[in-house]
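Below is one structure, written out as structure tokens; the observations come after it.
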Amino acid sequence: MRQTKLFTKTQKEAPSDEEALNAQLLIRAGYIHKEMAGVYQLLPLGLMVVQKIKQIVREEMSDLGTNEMLATSLQPKELWQRTDRWDDEKVDVWFKSALQAGGEVGFGWSHEEPLANMMKNHISSYKDLPLGIYQFQNKLRNEVRAKSGMMRGREFIMKDAYSFAATEEQHEDFYTRSQTAYMNVFKRLGIGDDTYMTYAAGGAFTEFSHEFQTVCEAGEDVTYINKEKGVAINEEVVDTADLEALGVTKDELVATKTAEVGNIFNFGRSKAEEVGLFFKDENGERTPVWMGSYGIGITRLMGVLVEKMADEKGIVWPESVAPYKVHLVALNTDDQEISDWADGVYSSLKDQGITVLYDDRDARPGEKFADSDLLGLPYRVVVSKKGKEAGTFEVVTRATGEVRNLTEEELYADFS
């Protein structure tokens, strides 16, 4: 991508009403546009980051043997009434609307009910189980507080998965393998060492759940952590019984600000029984399905990565999700020889399969470098008259600030 062809522009200031650092930087760098509180449009660079996060999650979900699909956002009132989760007293984040033809619908905040209901068409025997499905979808939640940028939105992208099993053993197997898959995701995103599977309350889902909490000063949760034992407990459920069950005492735990990046819930047989999802077991008896629900906040992860890795100059993307690996910055482009040389380097990098954002704008060096730092791509390669005379390129590693001067041969070898 040539930067002159990218319609987005960087900004010196974020909207005055934007409090969260992640949103301030993402808006200034042109990754997102704020539509309203808690609602952000994904611009081209932001969409690329989200698609890369999704791909990492998709690969781990595929390894679990799950099927990807896409459910509807509109939800029938009657189905959710059956499970007692339509009432605003029970679930306080619904967006609802009246239909012109009569009746009322909700806008999906979660999908256990409709997907369990759908599975009545596909599960009839124990031979159909176990199985898992997942989707990436925009969720809509009527949050009272929406001041954390991408980390708490009224509209956001979630990966939600659902497991269906004939027995508790089948369910526990999938539940355990999901924990591993989730930790693989967070390791690949560069936050594995700071992310803990956390014992937590289930909220509107179940009595208890497991969350995945990432150490983050901007997070909205407080998690009690024992790093050596790998134990983490959400402050909502810290009590003597839970501590004993987990083999720790409260004075062994450190209260830490964290951001929830994923969660998993065990519904047992209750959800399927409420919805009417049954199968015939080996004895021919009609039995409710074991169900689990598994969520990862895709756009929330985008915000957490910015909060954790940004520095005073701007965003710092891990290579696994950066929209481009290299930011090629051309200086002295009023000199046709330098301009042609920069074009050639751009073509050569692309030919080697290296993703490149090429700053071919007519702008001052200081502006180009400031924008490059703000955008946060892993490597900056500078093409300049001074470099051409020396036969080298200045290569800056964004995360560490390391500066190297490489020949053209070394440059291509380094990124190949």
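Please treat every number below as a calculation from the coordinates, not as lab data. All of these numbers come straight from a predicted model, not from anything done at the bench. Please note: Cβ atoms are built from the backbone with ideal geometry, for glycine as well, and neighbour counts cover all protein chains shown.
For segment 122-150, backbone nitrogen atoms closer than 16 Å to the point 7 Å from Lys280 Cα along Cα-to-C-beta are found at 122-129. Taking GluC sites (Glu not before Pro) across segment 49-140, the ones in a DSSP loop with at most 16 further Cβ atoms lying within 10 angstrom of their Cβ are Glu89. Taking Cα atoms only, the orientation of helix 298-309 departs from the longest principal axis of the chain by about 50 degrees. Normalised by the number of residues in the chain, the average gap of Cα pairs under 8 Å and 6 or more apart makes the relative contact order 16 percent. Label zone (Gln11, point 7 Å along Cα-to-C-beta; backbone nitrogen cut-off 18 Å) within segment 343-387: 371-372, 374-376. Extension gain for Glu337-Glu319 works out to 3.3 nm (0.36 nm per residue, less the C-alpha to C-alpha distance).
Between Arg361 and Asn138, what length comes free when the chain is fully extended (0.36 nm per residue of separation minus the Cα-Cα distance, one decimal in nm)?
On the way: separation 223, 0.36 × 223 = 80.28 nm, distance 3.49 nm.
That pair, Arg361 and Asn138, stretches by 76.8 nm at full extension.
Charging the Cβ of each Asp and Glu at -1 and of each Lys and Arg at +1, and nothing else, the dipole of segment 326-415 about its Cα centre rounds to 300 debye. Under 16 Å from the 7 Å Cα→Cβ point of Asp87, by amide nitrogen: which residues of segment 260-274? No residue qualifies, since no backbone N sits under 16 Å from the label point.
Based on the Cβ-Cβ distance from Asn405 to Ser73, what FRET efficiency comes out when R0 is 60 Å, to the nearest 0.05? Working from the Cβ atoms, E equals 0.70. Two decimals is fine: what is log10 I(q)/I(0) at q = 0.15 Å⁻¹ for segment 7-309, from a Debye sum with one equal scatterer on every Cα and no solvent? Per q value, in the given order, log10 I(q)/I(0) is -1.28.
With a ≥ b ≥ c the root eigenvalues of the C-alpha gyration tensor of segment 326-415, is it rounded (a/c under 1.5), prolate (a/b larger than b/c) or oblate?
Working: a/c = 1.32, a/b = 1.04, b/c = 1.27.
The shape class here is rounded.
Relative protection proxy for 20-27, 142-149, 216-223, 281-288, from highest mean packing down: 20-27, 216-223, 142-149, 281-288 (other beta-carbon atoms within 10 angstrom).
Helix 336-351: angle to the longest alpha-carbon principal axis of the chain, degrees 0 to 90, nearest 10? Value to nearest ten degrees: 30.
Axis of helix 168-188 versus longest Cα principal axis of the chain: the two differ by about 10°, to the nearest ten degrees. Work out the FRET efficiency for Glu104 and Thr397 from their Cβ-Cβ distance, taking R0 = 45 Å, and round it to the nearest 0.05. Once the sixth-power term is evaluated, E becomes 0.25.
Once you charge only the Cβ atoms, +1 for Lys and Arg and -1 for Asp and Glu, what is the size of the charge dipole of segment 7-309 about its Cα centre, to the nearest 20 debye?
Numbers: 34 positive and 48 negative charges, 282 e Å.
Its charge dipole is roughly 1360 debye.
If contacts are Cα pairs under 8 angstrom and at least 6 residues apart, what is the relative contact order of segment 326-415 in percent?
Numbers: 123 pairs, mean separation 27.3, N = 90.
Reported as a whole number, the value is 30 percent.
Among the trypsin sites (Lys or Arg not before Pro) within segment 326-416, those in coil by DSSP and having at most 16 neighbouring Cβ atoms inside 10 Å are Arg361. Restriction of the GluC sites (Glu not before Pro) in segment 310-416 to DSSP coil positions whose beta-carbon has at most 11 other beta-carbons within 10 angstrom yields Glu312, Glu402.
The peptide list 120-127, 245-252, put in order of mean Cβ contacts within 10 Å with the highest first, becomes 120-127, 245-252. Checked against a 18 Å cut-off, the cross-linked pairs Lys325/Lys385; Lys52/Lys159; Lys12/Lys147; Lys12/Lys386; Lys96/Lys139; Lys54/Lys368 give Cα-Cα distances beyond that limit for Lys325/Lys385; Lys12/Lys147; Lys12/Lys386; Lys54/Lys368.
Here segment 176-251 is treated as a Stokes sphere of Kirkwood radius computed over C-alpha pairs; at 20 °C and 1.002 mPa s its diffusion coefficient rounds to 164 µm²/s. Cα centroid separation, segment 232-279 to segment 346-416: 47 Å. Once a ≥ b ≥ c are taken as the square roots of the eigenvalues of the Cα gyration tensor of segment 306-346, is the result rounded (a/c under 1.5), prolate (a/b larger than b/c) or oblate (a/b not larger than b/c)? Oblate, since a/c reaches 1.5 and b/c is not below a/b.
Rounded to the nearest 500, what is the chain's calculated 222 nm mean residue ellipticity when only DSSP H runs of at least 4 contribute -39500 (n - 2.57) each, over all residues?
Numbers: 12 runs with 128 residues, N = 416.
When only DSSP H runs of four or more count, the value is -9000 deg cm²/dmol.
Gap in Å between the Cα centre of segment 5-45 and the Cα centre of segment 118-142? The two parts, judged by their Cα centres, are 35 Å apart. Computed over segment 1-92, the quotient of the alpha carbon radius of gyration and 2.2 N^0.38 Å is 1.54.
For the chain, what proportion of DSSP beta bridges, expressed in % and rounded to the nearest 5, is antiparallel?
Percentage antiparallel, nearest 5: 85.
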